Amino acid sequence: MPSLRTALVLGGLLTPLTGTLAAELPAVDLTRATEIVAERCSLCHGLDGESSTTNHPKLAGQHYQYIAKQLADFKTGKRASDTMGSMVTDLTDEEMLALGVYFEKKPARSRRVLDEGLNAVGKFIFERGNEYSGVAACASCHGEKGYGTDKLPRLAGQNARYLENQLASFNSRARTNDNAIMHTIAAKLTELETKAVATYISSLE
């Protein structure tokens, strides 16, 4: 779920992403999910999962299992966040699952990147990592297109600033869940590599 911008300038042309939805989603109460999104989620994440600012994660197209898990972790405090903790405190497991399905059904979008040089560095790190510093390729876990799995988040099209923030949180261990592997990777990334890979990921369709 839970959390990276510079003078690189990410362009504003949005492009629909394809091939990201699961073949079949579980039956849930989407009416209730829609109500919750309108009441709570939309302020930061938008009605369609396209976040209101680059500091907040895009949820559109994200795997429903991953969203449900992050919400559950926020509720138990395993993933620390005062804001999200208060938002999910009274949600049931069924409602969290329904929210996951609601957002996965929304079409994800990418951002066109203007700094092609930086994007090229990010592409290299994403696809091949950095053998000299021991950074593993992002694609080795999240897939060559950044679509992830039911247990690993979809990264493609995510806000670059949010990605940078999350990598920084993994590095400092401020991110309190899912950090066993990500800490070892984020700790080896340079500032340039972090910005570059976040920029590249935001452009993936």
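The values are calculated or read from the model by the stated rules, or taken from the named source; none is laboratory data. What you are looking at is a predicted structure, and each value in this text was computed from that prediction instead of being measured. Cβ: placed from backbone, ideal geometry, glycine included. Neighbour counts: every protein chain shown. Protein only, heavy atoms only, side chains kept; ligands, DNA and RNA dropped before computing areas. Shrake-Rupley method; radii C 1.70, N 1.55, O 1.52, S 1.80 Å.
When only DSSP loop residues count, what trypsin sites (Lys or Arg not before Pro) in region 123-205 have their Cβ near at most 12 other Cβ atoms within 10 Å?
LYS151, ARG173
Report Rg/Rh for the chain, rounded to two decimals, where Rg is the Cα radius of gyration and Rh the Kirkwood radius.
Ratio of gyration radius to Kirkwood radius for the chain: 0.95.
ARG173 to THR76: FRET efficiency via 1/(1 + (r/R0)^6), r the Cβ-Cβ distance, R0 22 Å, to the nearest 0.05?
Rounded to the nearest 0.05, the efficiency is 0.75.
How big is the dipole moment of region 35-84 about its Cα centre under a simple scheme where the beta carbon of each Lys and Arg is +1, that of each Asp and Glu is -1, and everything else is neutral? Debye, nearest 20, please.
280
If a paramagnetic tag sat 7 Å from the Cα of SER42 along the Cα-Cβ line, which residues of region 93-115 would have the backbone N under 19 Å from that point?
Those under the cut-off are 96, 98-108.
For VAL135, list long-range residues whose amide hydrogen, built 1.01 Å from N in the peptide plane, is under 5 Å from its own amide hydrogen.
ASN130
Calculate the FRET efficiency for ASP93 and ALA120 from the Cβ-Cβ distance with a Förster distance of 45 Å, rounded to the nearest 0.05.
E(calc), rounded to 0.05, equals 0.55.
Counting Lys +1, Arg +1, Asp -1, Glu -1, what net charge surrounds ALA60 among other residues with beta carbon under 10 Å of its beta carbon?
Combined, the nearby Lys, Arg, Asp and Glu give +2.
Taking the Cβ of PHE170 as the centre, find all other residues whose Cβ is under 14 Å away and add up their charges (Lys, Arg: +1; Asp, Glu: -1).
+1
Over the Cα atoms of region 61-142, what radius of gyration and what Dmax do you get, in Å?
Using the Cα atoms of region 61-142, the pair Rg, Dmax is 17.3, 47 Å.
Lys/Arg Cβ at +1, Asp/Glu Cβ at -1, dipole of the chain taken about the Cα centre: which of ALA136, SER203, CYS44 is farthest positive-ward?
Result: ALA136.
Where does region 113-155 land on the Kirkwood hydrodynamic radius, alpha-carbon pairs, in angstrom?
10.9
Residue by residue, what Karplus-based ³J(HN,Hα) values in Hz, rounded to whole numbers, does region 95-104 have, using 6.51, -1.76 and 1.60 with θ = phi - 60° and x for Gly and Pro?
Each residue's phi maps through the Karplus curve to give 5, 5, 5, 4, 5, x, 5, 3, 6, 5 Hz.
Please report, in cubic angstrom per residue, the volume enclosed by the convex hull of the alpha-carbon atoms of region 91-130.
Hull volume normalised by residue count: 130 Å³.
Would you please give the residues with an amide H less than 5 Å from that of ARG112, counting only those at least 5 places away or on a separate chain, with H modeled from the backbone geometry?
Long-range HN contacts for ARG112: GLY11, LEU13.
Using θ = phi - 60° and the Karplus curve 6.51 cos²θ - 1.76 cosθ + 1.60, what whole-Hz ³J(HN,Hα) does each residue of region 73-88 get, with Gly and Pro shown as x?
5, 4, 5, 7, x, 4, 9, 6, 6, 4, 5, 5, x, 6, 6, 9
Which of LEU30, GLN158, ALA186 sits closest to the plus end of the dipole of the chain, meaning its Cα is farthest towards the positive end, when Lys and Arg get +1 and Asp and Glu get -1 on the C-beta?
ALA186
Can you pull the percent of region 114-175's accessible area that's carbon plus sulfur, 1.4 Å probe, other chains left in place?
54
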